[in-house]
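Trainee: To start, I am sharing the structure in question, which I have written as structure tokens.
The values are calculated or read from the model by the stated rules, or taken from the named source; none is laboratory data. Owing to the predicted nature of the structure, the values given are computational and were not obtained by experimental measurement. Here the Cβ positions follow ideal geometry from the backbone for every residue, glycine too, while neighbour counts run over all protein chains shown.
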């Protein structure tokens, strides 16, 4: 365990160097621990990270609720969220970071009144990744606020192909939307494209493999 903590401390320093080299100041690192165990969560906490990202409801519950002493970390749900999982996550998730449709935000508002959230933007028109079209973001934000949710910002996932530079136009558009709405958080950029995201104005990046190494594979992801 001590070796894991030392590794994460060293890797986090490398991530922060990359952020600084890209001109980032005060950029929050969310450690994406999906697929990893509670030891990685504890190692991230020991390294100074105060926000972790999970994508599978059952895994998040098993990992954090079963832990005898809940660590002082925020849980951000960053994956595609099914409405029928919201009840399971209410009271556990600190930030619902992938709200992308009216039916989902209504369920979150019902199960977790006043919840903090990010609206996910489909900045690259890639099927299967979720997100609402950029043209619908303002309306979705208005609906979320009217439902009593605390909309803190926007979130986007970079494109699958084309390399980091392919993400630049979409990230720039998301930053402009974030600023136009007067929101604080612009969550975009992961291990492979964090420099482009920071250059385009990300205030938060979601990092997994750069902190913990290759994610273990599983035949059927827990949802």
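Trainee: Consider residue 197 carefully, then state whether it is part of a loop (DSSP other than H, G, I, E, B) and within 17 Å of the chain's Cα centre (by Cα). Spell out how you get there, then give the answer.
Mentor: On the way: part of a loop (DSSP other than H, G, I, E, B): no; within 17 Å of the chain's Cα centre (by Cα): yes.
Against the criterion (part of a loop (DSSP other than H, G, I, E, B) and within 17 Å of the chain's Cα centre (by Cα)), residue 197 does not qualify.
Trainee: Are any residues in region 113-122 without any contact (Cβ under 8 Å) to a residue 60 or more places away in the chain and buried (at least 18 other Cβ atoms within 10 Å of the Cβ), and if so, which ones? If you could, list the steps in order and put the result at the bottom.
Mentor: Filtering region 113-122 down to residues without any contact (Cβ under 8 Å) to a residue 60 or more places away in the chain leaves 113-117, 119-122.
115, 116, 117, 119, 120, 121, 122 - these are the residues of region 113-122 that are without any contact (Cβ under 8 Å) to a residue 60 or more places away in the chain and buried (at least 18 other Cβ atoms within 10 Å of the Cβ).
Trainee: A further question follows. For region 170-189, indicate whether the set of residues that are part of a loop (DSSP other than H, G, I, E, B), touching a strand residue (DSSP E or B) at 6+ places or on another chain (Cβ under 9 Å) and modelled with pLDDT under 95 is non-empty.
Mentor: Restricting attention to region 170-189, the residues satisfying the condition of being part of a loop (DSSP other than H, G, I, E, B) are 181-184, 189.
Narrowing further to those that are touching a strand residue (DSSP E or B) at 6+ places or on another chain (Cβ under 9 Å): 181, 183-184, 189.
Going one step further and asking which of them are modelled with pLDDT under 95, we end up with none.
Within region 170-189, not a single residue is part of a loop (DSSP other than H, G, I, E, B), touching a strand residue (DSSP E or B) at 6+ places or on another chain (Cβ under 9 Å) and modelled with pLDDT under 95.
Trainee: Select, from 139, 199, 126, the only residue that is touching a residue at least 60 places away in the same chain (Cβ under 8 Å) and more than 20 Å from residue 76 (Cβ to Cβ).
Mentor: On the way: 139 fails: touching a residue at least 60 places away in the same chain (Cβ under 8 Å); 126 fails: touching a residue at least 60 places away in the same chain (Cβ under 8 Å).
On inspection, the qualifying residue turns out to be 199.
Trainee: Would you check which residues across region 156-179 are free of Cβ contacts under 8 Å to residues at least 40 places away in the same chain, in contact with a helix residue (DSSP H, G or I) (Cβ under 8 Å, 6 or more places away or on another chain) and surrounded by fewer than 24 Cβ atoms within 10 Å (Cβ to Cβ) and list them?
Mentor: 159, 164, 165, 168
A quick yes/no check of all residues on (1) closer than 30 Å to residue 6 by Cα; (2) free of Cβ contacts under 8 Å to residues at least 40 places away in the same chain; (3) buried (at least 22 other Cβ atoms within 10 Å of the Cβ); (4) in contact with a helix residue (DSSP H, G or I) (Cβ under 7 Å, 6 or more places away or on another chain):
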residue: 54; (1), (2), (3), (4): yes, yes, yes, yes
residue: 76; (1), (2), (3), (4): yes, no, yes, no
residue: 87; (1), (2), (3), (4): no, yes, no, yes
residue: 106; (1), (2), (3), (4): no, no, no, no
residue: 131; (1), (2), (3), (4): no, yes, yes, no
residue: 146; (1), (2), (3), (4): no, yes, no, no
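Trainee: Please count how many residues of region 1-20 are within 16 Å of residue 198 (Cβ to Cβ) and not in a helix (DSSP H, G or I).
Mentor: Counting residues in region 1-20 that are within 16 Å of residue 198 (Cβ to Cβ) and not in a helix (DSSP H, G or I) gives 0.
Trainee: Additional query: Within region 203-221, how many residues turn out to be in a loop (DSSP other than H, G, I, E, B), modelled with pLDDT of 95 or more and touching a helix residue (DSSP H, G or I) at 6+ places or on another chain (Cβ under 7 Å)? Please lay out each step first, then the result.
Mentor: Applying the first criterion (in a loop (DSSP other than H, G, I, E, B)) to region 203-221 yields 203, 208, 213-221.
After this cut, where a residue has to be modelled with pLDDT of 95 or more as well, the list is 203, 208.
From what's left, touching a helix residue (DSSP H, G or I) at 6+ places or on another chain (Cβ under 7 Å): none.
Summing the residues that are in a loop (DSSP other than H, G, I, E, B), modelled with pLDDT of 95 or more and touching a helix residue (DSSP H, G or I) at 6+ places or on another chain (Cβ under 7 Å) in region 203-221 gives 0.
Trainee: Identify all residues within region 2-38 that are in contact with a helix residue (DSSP H, G or I) (Cβ under 6 Å, 6 or more places away or on another chain) and without any contact (Cβ under 8 Å) to a residue 60 or more places away in the chain; write none if there are none.
Mentor: Selection gives 4, 5, 38.
Trainee: Among the listed residues 61, 41, which satisfies the condition of being in contact with a strand residue (DSSP E or B) (Cβ under 8 Å, 6 or more places away or on another chain) and in a helix (DSSP H, G or I)? Show your work before the answer.
Mentor: Values: 61 fails: in contact with a strand residue (DSSP E or B) (Cβ under 8 Å, 6 or more places away or on another chain).
Of the residues listed, the single one that is in contact with a strand residue (DSSP E or B) (Cβ under 8 Å, 6 or more places away or on another chain) and in a helix (DSSP H, G or I) is 41.
Trainee: Considering each residue of region 125-146, count those that are within 14 Å of residue 100 (Cα to Cα) and modelled with pLDDT of 95 or more, and give that number.
Mentor: Qualifying residue count, region 125-146: 15.
Trainee: Let me ask something additional. Report yes if some residue within region 21-36 is part of a helix (DSSP H, G or I), more than 18 Å from the chain's Cα centre (by Cα), surrounded by fewer than 19 Cβ atoms within 10 Å (Cβ to Cβ) and at pLDDT 95 or above; otherwise report no. Please lay out each step first, then the result.
Mentor: Within region 21-36, the subset part of a helix (DSSP H, G or I) is 21.
Keeping just the survivors that are more than 18 Å from the chain's Cα centre (by Cα) gives 21.
Applying the additional criterion that residues be surrounded by fewer than 19 Cβ atoms within 10 Å (Cβ to Cβ) yields 21.
Those still in the list that are at pLDDT 95 or above too: 21.
Yes, some residue in region 21-36 is part of a helix (DSSP H, G or I), more than 18 Å from the chain's Cα centre (by Cα), surrounded by fewer than 19 Cβ atoms within 10 Å (Cβ to Cβ) and at pLDDT 95 or above.
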